[in-house]
Every structure is written in structure tokens, then in C-alpha cells.
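Okay, handing you the structure first.
The values are calculated or read from the model by the stated rules, or taken from the named source; none is laboratory data. These numbers were taken from a predicted model, which means no experiment stands behind them. Here the Cβ is made from the backbone with ideal geometry for all residues, glycine too, and neighbour counts use every protein chain on show.
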Amino acid sequence: MASLDLHRGILNQEAQTVDQRGRIHVLNRENTTDTEQWYHYWRSPSPRMDWHRSPLPQALAEQSINNITRTPTVIGKRGKLVAPPKSDILLALLPNNAVNSTGLSILGSTAKKNFSDWKILWEVEEGNRWEVLFDRYRLAAGDGILSLFVVNGTEVGVLDLNVGL
């Protein structure tokens with residue numbers, strides 16, 4: 001496991017999930033390089049059970065309409081991790097952490113590439129003022145729909161995305 005110096009990392013973990021193969025995934029934002037950054041930790045399944053740690057690619061910032069990998073704020077809306085059933089894809093639901101922003105981005109990565117091939121799958125510049133939630137029960141039902149619960153001011157909405165998994 002990686003050690004983090006005092007005042008450099010974990011204020012709180014962002015999110016965690018376990019995928020269909022028993023890999024544990026953790027999302028965290030930390031400042032171990034003098035730049036606040038999102039990190040993905042994951043543990044390989046037994047018998048090895050090795051921990052891996054890598055930052056979400058800074059290069060995604062150039063492709064994104066949101067502030068997802070440039071410099072997330074030290075505190076702010078938390079991201080979520082989603083491991084759809086019957087899939088080796090991991091999704092990261094990341095809020096835009098720029099001040100007063102309501103943007104949301106969904107990134108995806110694959111087990112085939114050891115979760116190093118993050119890419120932007122979907123984004124919206126506004127409409128999500130609070131931490132996004134997703135319906136894990138609907139996702140587990142296997143209809144391929146990622147149902148997001150979003151709050152924007154006094155508006156509450158459900159956004160259904162066909163992730164086809």
C-alpha cells in the first residue's frame with residue numbers, strides 16, 4: 001500500500017466498490033506531488049492480492065469540458081466508482097470541482113489494460129450541484145441502464161444512461 005505524508009492526502013476516501021472478479025477499487029483525491037489529483041487504487045483478486053495505485057491521467061483535462069483531472073479541489077463534491085455487473089469496465093463519476101460548477105463527467109477504464117486506459121465516456125457542463133448518486137439496484141438488475149440521481153438547486157432529477165453493459 002502507498003504511504004501518504006501528513007497533509008498530503010486522505011481527508012476522506014471518495015468512493016469504493018468491488019467488481020465482479022473481487023477486485024477492490026478506491027477513488028481518492030490527494031496531493032502527493034504538490035498538485036491535487038484524483039487517484040485510483042485497486043487490489044488484484046486472490047491469490048496475489050497486490051495493491052496498485054495510479055493517478056487519473058492529467059491528459060484527460062485537455063479533452064474534458066469539466067475540471068476533472070486538472071486540479072480537483074482539496075474538498076468538494078465526491079466522485080463515485082461503479083463496477084457494472086458482467087463487465088470488466090470500471091466507471092468513475094466525477095464532479096467538476098471548479099468553484100460553483102455543476103458539471104459531471106463519466107470516465108471508463110478496463111481490467112484488460114489494468115485500469116490504465118481511462119477515457120471520457122460522457123459529460124455535461126451543468127445540472128449537478130451536489131454529489132451524484134446512482135441506483136446500484138437497477139444496475140445490478142442487468143438492464144444496461146446507469147440511473148443517476150442528480151440535484152441542481154431545488155430541481156431533483158433522474159438521468160438514465162444506456163451504458164449497454
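Which pairs do you get when a residue that is of a type in the set (Asp, Glu), found in the stretch 94-121, comes within reach of a residue that is surrounded by 20 or more Cβ atoms within 10 Å (Cβ to Cβ) and modelled with pLDDT under 95, reach meaning Cβ atoms under 6 angstrom, with the pair 6+ apart or on two chains?
That search, which allows pairs on different chains as well, returns nothing.
For Pro95, work out the one condition from (1) under 20 Å from Asn28 (Cα atoms); (2) more than 12 Å from the chain's Cα centre (by Cα) it doesn't fulfil.
(2)
Moving to a separate point now. Among the residues of the stretch 151-165, is any surrounded by 14 or more Cβ atoms within 10 Å (Cβ to Cβ), in a loop (DSSP other than H, G, I, E, B) and at pLDDT below 90?
Checked against the condition, which is being surrounded by 14 or more Cβ atoms within 10 Å (Cβ to Cβ), in a loop (DSSP other than H, G, I, E, B) and at pLDDT below 90, the stretch 151-165 yields at least one hit.
Just checking, how many residues over the stretch 1-55 are hydrophobic (A, V, I, L, M, F, W, C), modelled with pLDDT of 85 or more and surrounded by 12 or more Cβ atoms within 10 Å (Cβ to Cβ)?
8
Here's a check for you: in the stretch 109-128, which residue that is crowded, with 19+ Cβ neighbours inside 10 Å and of a type outside the set (A, V, I, L, M, F, W, C) is nearest to the chain's Cα centre (by Cα)? Steps first, answer last, please.
Residues of the stretch 109-128 that are crowded, with 19+ Cβ neighbours inside 10 Å, as a first pass: 109, 115, 118, 128.
Imposing the further condition that a residue be of a type outside the set (A, V, I, L, M, F, W, C) reduces the set to 109, 128.
Details: Ser109: 10, Asn128: 15 Å.
Filtering first and then ranking leaves Ser109.
May I ask you to verify whether Ser147 is part of a strand (DSSP E or B) and among the polar types (S, T, N, Q)?
Judged against the criteria, Ser147 is a match.
Would you say Gly108 is over 28 Å from Thr32 (Cβ atoms) and small (Gly, Ala, Ser)?
Here the answer is no, as Gly108 does not meet what is asked.
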